[in-house]
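Since the structure comes first, as structure tokens, the remarks are kept for the end.
Just so you know, all these numbers are worked out from the coordinates, no wet-lab data involved. Small disclaimer: the values here were computed from a predicted structure and weren't measured. Here the Cβ positions follow ideal geometry from the backbone for every residue, glycine too, while neighbour counts run over all protein chains shown.
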Amino acid sequence: MLMPRRVKRRKLHRGRMTGKAIRGSELAYGDYGLVAMEPAWITNRQIESARIAMTRYTKRGGKVWINIFPHKSVTKKPAETRMGSGKGSPEKWVAVVKPGRVLYELAGVTEEVAREALRLGMHKLPIKCKFIKRDSIREKRYVKGKVVYLDDKKEEEGGE
């Protein structure tokens, strides 16, 4: 599960999720993405289950990037406890998501496969999402974690 290794403060205020996402609202790594349409807290378990659904559908063919991380702790008091005596202990970790935020990115697969994989991941999340794609998609592969564009190789072979 995703969670911070260590934090300065264990218990946080709830905060507000007003407005649209400014940062993280464009595709940074992949060719296809999943964008949030509503504000929400997404738990580390939901993030992980959506990732598993996507990678299973692509048969580990493409590469999936997770663009959100659960930095915020949510506390809960034990059941049948009297009022008072302080704030409860951290129960789970959540990522604060605003509308317009790119949640996941996908590359290395066809558009049909990407659309279906992201749709399966979308059903694991508690919010409405939409599928987006990059304007100009270049054929690329990931070799040992590095991006290799296939059209660059074709140009090199044709020039020789």
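General observations
- Projected label distance in nm at Lys59 and Val148, using a 7 Å step from Cα toward the beta-carbon: 2.1
- Take the Cα of Ile132, step 7 Å toward its Cβ, do the same at Glu80, and the gap between the two points is 4.9 nm.
- Approximating the spin labels as points 7 Å out from Cα along Cα→Cβ, the Lys11-to-Phe69 distance works out to 2.5 nm.
- Under 13 Å between alpha carbons - lysine pairs in segment 38-95 that sit 8 or more apart or on different chains: 5
- Based on alpha carbons, the Rg and Dmax found for the chain are 19.4, 79 Å.
- Using the average count of surrounding beta-carbon atoms within 10 Å as a protection proxy, the listed peptides 109-122, 67-80 rank, highest first, as 109-122, 67-80.
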